Each structure stands twice: as structure tokens, then as C-alpha cells.
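Here the structure comes first, spelled out in C-alpha cells, and everything after it is commentary.
The values are calculated or read from the model by the stated rules, or taken from the named source; none is laboratory data. All values derive from a computational prediction rather than experimental measurement. Every residue, glycine as well, gets a Cβ built from its backbone with ideal geometry; the counts of neighbours run over all protein chains shown.
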């Protein structure tokens, strides 16, 4: 059975194996399909920030997200930023609207370059209504898979106090949101 909304990690890795103990972000390929429309998949020469994207998606469980590519970070990050959750405009956005026990996803946009005037792919009319459970199950699965790489790695070497604090805050929020969603 085809899912109306499917997001999964196809590949996840560190940017450079030599510096994997210092890389705070995992990178890789994602498969994202909405009503059979594939927005990203393997073989498109696209690399995404996996753990950053997972946190952005976890944040949508309890609040709506409005797609505004010109002023907001996306839900799928490119992962080229040196600091967690601060990246470049290359991203995938969509709106998340909670309506009772349903979630509506719409306004899908993939920004493929750093120039907002070119390279944006708008998926006009692409919209899906899911049960809250369908949506959360898909995101939880993605977030758990993203976390595995970090759980199976050595402790990160972080020399800068600010980066260390950001990294700790990132994982505190990630784990809190994930734990809360699993206990529902």
C-alpha cells in the first residue's frame, strides 16, 4: 500500500570520515513522497542535514508550521551550516496545519539554490490530509533512524563553548520532543 506521506532516510553519514568525531550534523539522502509525488530521492545529487531536519519535523507535532521560504528555515535542511539549525536557503518547506485529530500538509516548495529568485520548485496543489497518528508515526520513525548514527558514535569533540552549548541544547530538545511523542 502506498503511503500518502512518506519520509525516510536512504543514506546517512558524516561529511568527512576523518572528522566524524567533530561533525555535529549528519548528512545524507532522504526519500520524500506526498500523494505519489516524489520531492526528493536518491540519485538527484541532493544532500540533506538529517538530524537537523528531524528536529525541525519533531517541532511540528504540537504547533503549526507555515511555509515561508523567504523568511523561515525549512523542514528539510541542506545541512551546510556550521552551527546547528542555521543553514543556507537550500531546503524543503511545507505547511503543517493541525485540525483536531488530523494534520494537513500543503504548500510544498523545494529551494534548490541559494538564489531565491531561481531554483524554487513549487508543487502547486499538492496537499494531503493525514490522521495525527499517520503523521507522527512517519516523523517518529524518521527521527529514531536519524538518532541511531549519533547513538552508535563516539562522543563528539567540541572545542568551542558556544558550539558545545548549542549541541547540548539541540539534543535536549530533540530527546524531549521524541520522548513526549512516543508517550502519547
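Structure values in brief
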{"read-out": "Flag if residue 63 is modelled with pLDDT of 90 or more, surrounded by fewer than 18 Cβ atoms within 10 Å (Cβ to Cβ) and assigned to a strand (DSSP E or B)", "value": "no"}
{"read-out": "Residue selected from region 88-104 under the condition surrounded by fewer than 20 Cβ atoms within 10 Å (Cβ to Cβ) and in a loop (DSSP other than H, G, I, E, B), by the criterion modelled with the lowest pLDDT", "value": "88"}
{"read-out": "Subset tally (residues that are touching a strand residue (DSSP E or B) at 6+ places or on another chain (Cβ under 7 Å), surrounded by fewer than 16 Cβ atoms within 10 Å (Cβ to Cβ) and not in a loop (DSSP other than H, G, I, E, B)) for region 105-133", "value": "5"}
{"read-out": "Leading residue by the ranking (surrounded by the most Cβ atoms within 10 Å (Cβ to Cβ)) among those in region 66-79 that are over 8 Å from the mean Cα position of the chain (by Cα) and free of Cβ contacts under 8 Å to residues at least 24 places away in the same chain", "value": "73"}
{"read-out": "Total residues in region 134-178, condition more than 17 Å from residue 14 (Cα to Cα), exposed (fewer than 12 other Cβ atoms within 10 Å of the Cβ) and modelled with pLDDT under 95", "value": "6"}
{"read-out": "Region 134-154: number of residues that are over 16 Å from the mean Cα position of the chain (by Cα) and either touching a residue at least 24 places away in the same chain (Cβ under 8 Å) or at positive phi (or both)", "value": "3"}
